[in-house]
Amino acid sequence: MTAVAARSEAVSALSARAELLLVMRASMALVACVWIYLAFASGAVGAGPKKKNLLPFQVVIAERPSDEQRIFRELQEGLSEAEASRAANGAWPSVEQLREDGIPPFALDPTQKRSYTWSLMQSGSMINYLGLPQSPGVPAWLVLIQEPDAGVPPDQAFEDEEHHRLSTGQMLHVSTWTHASTPPVAARIVRMPQAEGWTQLYAVGPSNPALATPVAP
């Protein structure tokens, strides 16, 4: 009979920060999935009551081409991951970090025909994840994040598609935008996209504050 040598391996537990990051990623991904589901559910049944609240520079993603819908979904996933990292580490993750972690749309995707150059830009409480196309005729993309200024309360107390509360209690104002390739978009931070020809995209639409339920801090 041949003797089999026993081998032992040490298994180390996740650190508290790593466990927190995993939990936050899961919860934020769930929220993103809910918004995306509502977007396509509302698109399947036609225009809902939210559409009447849209401004001229705002549209619902279900009305956009399928390739734009795909990037929008990926950006919601990427935003969830970035928010989780921001809450756990105190800083917004770089594009390189998101790419290394395989987070779409920042990571290389061989099935995606359109290529973008992504960059993270921050000025004070204003954060941009800006995606500029590498080919002509392709729209640019922007995730705009506004952190609350010190000592200034957020513009609303409840969470919705445009307001995300981090696990730290900090309420962010977030929005997703697209811009036609003409004229070309400059590689600089964007503060007022609606004034520069950007179109804001919603999964569902602006919330009605009268129907919202406040979220306890």
Quick one: order M126, M192, M171 by neighbouring beta-carbon count within 10 Å, fewest to most. M192, M126, M171
What are the ³J(HN,Hα) values, in whole Hz, obtained from phi via the Karplus relation 6.51 cos²θ - 1.76 cosθ + 1.60 with θ = phi - 60°, for each residue of the range 81-98 in sequence order, with x given for Gly and Pro? 5, 5, 5, 4, 5, 4, 5, 7, 10, x, 8, 6, x, 6, 4, 4, 5, 5
Projected area averaged over orientations for the range 71-151, convex hull of C-alpha atoms, nm²: 5.7
Quickly work out the R188-to-S119 label distance, labels modelled 7 Å from Cα along the C-beta direction, and quote it in nm with one decimal. 1.1
How about the range 92-153: which trypsin sites (Lys or Arg not before Pro) there lie in a loop by DSSP and see at most 13 other Cβ atoms within 10 Å? K113
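Throughout, read-outs are computed from the coordinates displayed, never taken from laboratory work. Since this is a predicted model, take the numbers as computed values, not measurements. Using ideal geometry, Cβ is built from the backbone for each residue, glycine included, and neighbour counts are taken over all protein chains shown.
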